[in-house]
Every structure is written in C-alpha cells, then in structure tokens.
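The values are calculated or read from the model by the stated rules, or taken from the named source; none is laboratory data. Every value quoted in this text rests on a predicted model; they were computed, and no experiment measured them. All Cβ positions, glycine included, derive from the backbone under ideal geometry; neighbour counts span all protein chains shown. Surface accessibility is based on the protein's heavy atoms, side chains included, excluding ligands, DNA and RNA. Shrake-Rupley method; radii C 1.70, N 1.55, O 1.52, S 1.80 Å.
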Amino acid sequence: MRVLVTGGTGYLGAAIVRELASRGHQPVIFARRASSAGLPGVPIDGDIRDRGALARAAQAVDAIIHTAALVSIWREHPREFDDVNVGGLHNVLAVARAAGIARVVYTSTFLALPPNGSHGPIEGNDYQRTKQRAREEAVRALADGSPLVILYPGVVYGPGASTEGNLVGRLLRDHRDGRLPGLVGASRLWSFAYVDDVASAHVEAVERPEARGEYLVGGVNAPQMRLFEVARALTGTSLPRRIPLAAARAAGALDELRARMFGRTPLITRATVEIFSHDWSMDSSRAMRELGYHVTSLETGVASTLAALSQHGHSSA
C-alpha cells in the first residue's frame, strides 16, 4: 500500500515510516523537512496547516497515518497548538473525505483521556488541551462514519533523538549527565510504550480492515521511578531524588514568569506538574487482541535506550 504519514520525520512518525517500508509498503513522508530526513519512501516537504499541500501529498494514497503534532510544554503563542493539533486533524479528515481514502489512523495520546480515577480530563498544558479537543473531533468523525482508527499511545520511548517526543530518552540522558534535578511524581503510574511496538500497531491498524474505533496502545504500567531502578541495575547509576509537588509548582510558576519575560521555553510549568501528579496506567488488551499488539518489557526497552545513548556519547547540549 501507498501510505501517507504526516509528521513522518518525528520520533514516532519516523519509526512508523521504517515499519511500513520493512513490510513492503510505500511510505509518503509529509513534514516540513521531509526531504532532508533520509527516511525510506517518498519525501514531500509541507506543513500540516496547509490543506492544499496536504491534498497534493495525498494523491493516489491508500491510507493516511496522521502523527503530525506540536509536542511541547509551552509556546509563546498558544494558538500554534490549536492550529497544528486541531486544525491539522481537520485538514487530514477533509482531505481524506474529498479523496475517498478508505483508512485514516489518527495518533492521539493518553493525555487526551482522563487520568486514572477521574471522570473527566484535567486542566493541563496547551498540548494536552488541544489534543483533548482534537480527540473530541475525531470521536465525532468516527460516529459520523469516517474510516478512522484512533490510537492512544502511552509514554512512547526507546532509542532515538532525545526530543520532546521522547521524554524518557531525555530523562535518562539528563540523569546520566548529572543534569536532572529530580523527579516530580516519582511514584505515579505511567504506561511506558516502546516505540517499535507503537509503530507496529499503527501499521496493523492500516493493514487490518476489521480494525475499528479507539485503541489504547500503552505498555508496561509502572511508577516513573521504575525507569531509573532498571537503569541502576544495568549501569550502577544512583536514583534521582524526589521533588515534592509543592516545590515543583513553585518552580513552575517561577519558570513561567521567566518564559514570559524572556521568551524562552520553561523547563517546567504548573500545568506539567499537574499532569505528573496523576496516575496514567493503561489497559492495552483490546489492541493486543485485535491489532496483535506486543508490549516490550521495561528491562529490554530501557537497555536499548541506554545503549543508543551510549553510542551517541555524553551530551553537553
């Protein structure tokens, strides 16, 4: 199949592109710098906010996997999140409808769902807010008969660039380099989803015509500190200290003030602390049954992540 992957140069998007190619499909990579990414497939440079460019990229494709998103804890102009995360989904659905594309797989996030024990979404940062809005739009489209599959990955991690889309890689790198002040919500549960597992689920959602509706594609449900316990067993590094929520909120307020004054992305915000104060475990059993979803152990996943970090040497950036 010829499959358009929006955001195909991102952390998860690139893994999906490689998985498509390994299965004999032809990926079409749509991203702002697709032509310089060196990924297998047909690169097309473009912005998800440009519906015309997206429509041209979608010509003669059998399916769209929509991963393009603005993933960040802060932007000076919050409207950017709306334009990319909500407007981008509108564009994908409109293009797919106009072109008669039979399958759209949309990458949402666990943060678009309520945390454990809550009946509704929390008030988080602008990324979370707009992914919640986009999820509402996607669910409506699904109810209206759109050929849509919605996937909700957990905390995606594994080898690769330590970007904002690879939170675990960044935390492990910073801890290794002595630049991690500590953990906020260290005992809170997260669902750690290995990147190759999540990429495979996206391709299965394209390949299986019977796949329908919404799927949780999480991973190992464990406290955040468990990552560093595994890393300690592998490398002998000490555990990071635990930062109390009250101290983290105060630091977030101060960092937000600095961000507004100097236009720099804060290291932490009060909204991020709110996210870290909840449990986010996930039940991926439906994806296992219907998409053949596989969950890599945390020991295996952290070992491969650390090995990749070692290959890139100690970062001073």
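Near TYR106, the amide H atoms lying under 5 Å from its own belong to HIS66, VAL149, ILE150, LEU151; only residues 5 or more places off or on other chains count, and H is placed 1.01 Å from N.
The share of C-alpha pairs in the range 75-146 whose separation exceeds 17 Å stands at 47 percent. Could you list log10 I(q)/I(0) for the range 1-154 at q = 0.15, 0.20 Å⁻¹, which the Debye formula gives when each Cα is one point scatterer? Ignoring solvent entirely, the Cα scatterers give -0.75, -1.28. This model, with +1 at the C-beta of Lys and Arg and -1 at the C-beta of Asp and Glu, gives the range 117-268 a dipole about its Cα centre of some 760 debye. Given R0 = 35 Å, the distance between the Cβ atoms of GLN59 and GLU290 translates into a calculated FRET efficiency of 0.70.
Considering every alpha-carbon pair of the range 109-167, the percent of pairs per 10 Å bin, from zero through the bin containing the longest distance, is 20, 43, 31, 6.
Sites listed here are GluC sites (Glu not before Pro) in the range 165-255 whose DSSP assignment is loop and whose Cβ has at most 10 other Cβ atoms within 10 Å: GLU210. Tell me the net charge near TYR127. Cut-off is 12 Å between Cβ atoms, TYR127 excluded, with +1 for each Lys or Arg and -1 for each Asp or Glu. After counting each charged neighbour, the total is 0. Per-residue 3J(HN,Hα) values for the range 277-287, derived from phi via the Karplus relation 6.51 cos²θ - 1.76 cosθ + 1.60 with θ = phi - 60°, read 8, 10, 8, 9, 5, 9, 9, 9, 5, 5, 5 Hz in sequence order (x marks Gly and Pro). Extent along the principal axes, Cα only, for the range 228-313: 48, 35, 25 Å, with the longest axis given first.
Residues in the range 29-40 carry Karplus couplings, in order, of 9, 10, 6, 5, 10, 4, 5, 9, 7, x, 8, x Hz; the curve used is 6.51 cos²θ - 1.76 cosθ + 1.60 with θ = phi - 60°, and Gly or Pro positions show x. Quick one: Debye curve from the alpha-carbon atoms of the range 190-242 only, equal weights, vacuum; give me log10 I(q)/I(0) at q = 0.28 Å⁻¹ to two decimals. Log10 I(q)/I(0), no solvent term: -1.08. Placing +1 on the Cβ of every Lys and Arg and -1 on the Cβ of every Asp and Glu, with nothing else charged, gives the chain a dipole about its Cα centre of roughly 460 debye.
Once the Cα atoms are used to define both axes, helix 195-207 deviates from the longest principal axis of the chain by about 20 degrees. Computed over neighbours whose Cβ is under 12 Å from that of ASP197, the net charge equals -3, Lys and Arg +1, Asp and Glu -1. Given R0 = 35 Å, the distance between the Cβ atoms of THR235 and ALA99 translates into a calculated FRET efficiency of 0.10. Backbone N atoms of the range 206-249 closer than 16 Å to the 7 Å Cα→Cβ label point of ASP279 belong to residues 219-226. Roughly speaking, what is the centre-to-centre gap between the range 36-83 and the range 139-191 when only Cα atoms are used, to the nearest Å? First find each Cα centre; the distance between them is then 19 Å.
First compute the accessible area of the range 227-281 with a 1.4 Å probe, then give the percent of it belonging to carbon and sulfur atoms. With neighbouring chains kept in place, the figure for the range 227-281 is 57 percent.
Could you tell me what % of all Cα pairs in the chain have separations over 34 Å? The calculated P(r) of the chain puts 20 percent of pairs beyond 34 Å. When the trypsin sites (Lys or Arg not before Pro) in the range 108-209 are filtered for DSSP coil states and for at most 12 other beta-carbon atoms within 10 Å of their beta-carbon, the remaining sites are ARG179. Dividing the summed -39500 (n - 2.57) terms of all DSSP H runs of n ≥ 4 by the residue count of the chain sets its mean residue ellipticity at 222 nm at -12500 deg cm²/dmol. Taking 7 Å steps out from each Cα toward its Cβ at ALA246 and HIS119 produces label points 3.0 nm apart.
Here the range 159-263 is treated as an ellipsoid with the same Cα gyration tensor; its semi-axes, largest first and in whole Å, are 31, 20, 14. Inter-label distance, ARG264 to GLU210: 5.5 nm, where each label sits 7 Å from its Cα along the C-beta direction.
Counting only protein heavy atoms and a probe of 1.4 Å, the accessible surface of the range 1-41 is 43% carbon and sulfur.
Net charge dipole, the range 218-317: roughly 340 debye, given to the nearest 20, about the Cα centre with Cβ charges of +1 for Lys and Arg and -1 for Asp and Glu.
Global size of the range 175-218: 16.5, 48 Å for Rg and Dmax (C-alpha atoms, Rg to one decimal, Dmax whole). For SER281, the amide hydrogen comes within under 5 Å of the amide hydrogens of ASN116, counting only partners 5 or more places away or on other chains and with H modelled in the peptide plane.
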